[in-house]
Amino acid sequence: MPAPGRPVAIDTDPGVDDALALMLALRSPELRVELITTVAGNVPVTTATANVLRLLALLAPARWPPVAQGAARPLRYPLHTALDVHGPDGLGGITALRQDDGQPRYPLPSQPRPSRQAVSRLVELVARYRGELTLIALGPLTNIARAIQRAPDTMRTLGQLVIMGGAIGVPGNVTPAAEFNVFVDPHAAEVVLGAGIPTLLVPLDVTRQVRLTHAFLERAGRGSRLAQAVRDLTRALLRREPEGLPLHDPLAVAVALDPSLVCTQVLPLGVETRGQLTRGMTIADRRTPPRRETALPQIRVALDVDAERALALFAARVLRPSRRPPPAAAARVTVVGSANLDYTVVAPHLPAAGETVLGRKGQMAYGGKGANQAVAAKRAGAEVVLVAKLGQDPAGQDYVRYLRHSGLNTAGLRQDPARPTGMALITVDRHGQNQIAVAPGANAALAPTDLEELRPLLTSGRVLLVQLETPLPTVTAALRVAKEAGMYTLLNPAPARRLPAALAPLVDLLVPNRGEAATLCGLATETLQQAAQAALALRRAGFATVVITLGADGLVYTEGDGVFWLPALPVPVRDTTAAGDTFVGYLAWGLAAGWPLRDALPLANAAAALAVTRVGAQPAIPWRDEAERLRWRHAAAQRPQRLQ
Ligand code: ADP
């Protein structure tokens, strides 16, 4: 059954007021948003796309409309953005805001994957709905002009085109004569207005009359999450515009919802494409009596607006507390593994037997693969349960407090009265060579019986993640319990050792590094082809899916019968500690969030690449928005290549 509401497509370049317009559209049951296309304008087009995804994540609509990226520059002029108005992220700086736990307040999701085919998608949609579809244009008209140039007959069947743009009897906003959207791509505006599509222009003449003031926001918008987002989005702009922020784009959506909000007139309308002072000016022939001979297209233009009613509509849909259910539950990951304190001394050389070396500096850090991976999954966005054993010593108390403070669920932590918290003594020389001695302490006492007791907690996650720094019987028991509960199981077989054949069927995904893979299957893993062969051998040994991480060479993974290679991201390397832990933690989160492996890998790859640019273990693990940004920057190069 199709969802209710009138089908609309929105072409946009968010932009603070575009963001508000998207909120209005997606919160209005009369409209069914079938497609969002992005265009360069207020911001470069890739930023526009990212901003749309960010807003969709915030709005969490029941149906996510497809998103398609369009033109990166106007038809003929170079791009002129409005980053000075909307802030460097286009959204008034909200991308830098963080919650108390350090997570970004408005994270960038990785799903859905936007297409790059805005123009084709638009034409397809118009062809599918014909006269039923309303297209709302909130940015420069480049995509729509391209669609008209490609399929003029199809585009003429569009039900209605509502354009926020132009200034008829009022000054412009980007120059004395021109409104921003038309100024940025006047050639596109000329094509669109001349195409013979039923068009309603919503110019500055009306949008300037509908103003969102600080006082209105305080009155109308307390409490709801979306009202908070509107306050965050508009804070910087409202400081500059004390008489209120004109709701340019939201008014275009409001008019598509309720045409009675505006008074309109059909006027012959032209666009100045070239003038030195007048580029982008929209000129209406308002001479009386009308001159019949004018060659300009006849366009319906909104010239007056019931501003109070328009604002009330915006407030009712966007600012009032929502009765809708909260977005889907977070991805849950359970990690069963180790927690160690790492004591590192940087010394001029590694000590020989019996020698004492005076180091330059020493530091204590929270480590252990289990805890590192749990923190990585948490920073990726998962709800994480960590099952681990520490001592009852001060170090153990301190570690538990730290994990709780990091936002992990610590109900699965046990403290052993008889053993100390696990400890790693690390000496690093000035060439970066190291020497490590580990005393597993309480980690060695994490027993299958502990897991029995914790079964309900352990199985509350969707993905179980284990490593080999805890006793093998415990790892095996954890895998068995998780499999019985229908969880997806991920084994990071580190440190390297051979494994009993009976373990493989309990593992859905095996993620060794190069050395661990070689130890497990007894094959060389130096070249990509050798690594691919090793992955296939591990599959034959019974592991359902295998990812082998290859440091600066990226990773190989099995899919179906094939083996694919994903290159590493080019980053300046400072310290590779925790690269693997970051990778595995992020991967666990992606899989728990329901992504297919091939979609989860590029983000894990980007997160691990960031980790190698930073020193230390847990301090080097990035937050999801940082990883997303890097991933997006390298999206084009992150195409898997088939090796086998
Ligand atoms: P481990 O830290 O367990 O030894 P790897 O060295 O294989 O694991 O690194 C794990 C992942 O970290 C790699 O697959 C890659 O995504 C990332 N990574 C590691 N080294 C680099 C590097 N030099 N450049 C970019 N990414 C890297």
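Things to note:
- Here the spin labels are modelled as points 7 Å beyond Cα on the Cα-Cβ line, and at residue 100 and residue 559 they lie 4.1 nm apart.
- For the stretch 513-576, the fraction of alpha-carbon pairs lying more than 19 Å apart is 27 percent, rounded to a whole number.
- Label point distance in nm, residue 288-residue 225, each placed 7 Å from Cα along Cα→Cβ: 5.3 nm
- Spin-label pair residue 411-residue 635: with each label point 7 Å from Cα along the Cα-Cβ axis, the two points sit 3.8 nm from one another.
- Computed log₁₀ I(q)/I(0) - Debye formula, equal Cα scatterers, no solvent, the stretch 6-319, q 0.12, 0.16 Å⁻¹: -0.73, -1.38
- Packing-based ranking of 37-43, 336-342, 446-452 yields 37-43, 336-342, 446-452, ordered from highest to lowest mean Cβ neighbour count within 10 Å.
- Taking 0.36 nm per residue of separation and subtracting the current Cα-Cα distance, fully stretching the chain between residue 398 and residue 235 would add 54.7 nm.
- Computed FRET value (nearest 0.05) for residue 308 with residue 483, which takes r as the C-beta separation and R₀ as 60 Å: 0.45
- Förster radius 51 Å - calculated FRET efficiency between residue 76 and residue 418 (Cβ-Cβ, nearest 0.05): 0.10
- Length added when fully stretched, residue 436-residue 132, from 0.36 nm per residue minus Cα-Cα: 102.6 nm
- Counting beta carbons within 10 Å around each of 234, 459 and listing the fewest first gives the order 459, 234.
- Binning the C-alpha pair distances of the stretch 13-115 at 5 Å intervals from 0 yields a P(r) profile of 2, 13, 22, 24, 20, 12, 5, 1, 0, 0 %, listed from the shortest bin outward.
- Taking every C-alpha pair closer than 8 Å and separated by at least 6 residues, the mean separation divided by the residue count of the stretch 156-282 gives a relative contact order of 35 percent.
- For residue 117, the amide hydrogen comes within under 5 Å of the amide hydrogens of 69, counting only partners 5 or more places away or on other chains and with H modelled in the peptide plane.
- Largest first, the three principal axis extents of the alpha carbons in the chain are 103, 54, 53 Å in whole numbers.
- Contour minus Cα-Cα distance for residue 296 and residue 117 (0.36 nm per residue): 61.3 nm
- Highest to lowest packing among 587-595, 468-476, 344-352, scored as the average C-beta count within 10 Å: 587-595, 468-476, 344-352
- Globularity ratio of the stretch 516-644, using Cα Rg and 2.2 N^0.38 Å: 1.01
- Spatial separation of Cα centroids for the stretch 438-488 and the stretch 115-171, in angstrom: 56 Å
- Average projected area [Cα convex hull, the stretch 475-532], square nanometres: 4.0 nm²
- Entry note, the stretch 6-319: relative contact order of 19 percent, from Cα contacts under 8 Å with a spacing of 6+ residues.
- Fewest-first sequence of 219, 6 by Cβ atoms within 10 Å of each Cβ: 219, 6
- Three-way shape call for the stretch 330-642 based on the alpha-carbon gyration tensor, with the a/c threshold at 1.5: rounded
- Expected 222 nm ellipticity per residue - DSSP helices of 4 or more, -39500 (n - 2.57), all of the chain, to 500: -10000 deg cm²/dmol
- Scaling against 2.2 N^0.38 Å puts the C-alpha radius of gyration of the stretch 205-260 at 1.17.
- Taking all Cα pairs closer than 8 Å and separated by 6 or more residues, the relative contact order of the stretch 513-608 comes to 19 percent.
- Ordering of 427-438, 166-177 by burial proxy (mean other Cβ atoms within 10 Å per residue, highest first): 166-177, 427-438
- Once backbone amide H atoms are built at 1.01 Å from N, residue 413 has 388 as its partners under 5 Å, excluding neighbours fewer than 5 places away on the same chain.
Every number here is computed from the coordinates shown, using simple stated rules; none is lab data. Since this is a predicted model, take the numbers as computed values, not measurements. When we count neighbours, we look across all protein chains shown, and the Cβ atoms used for this are built from the backbone with ideal geometry, even at glycine.
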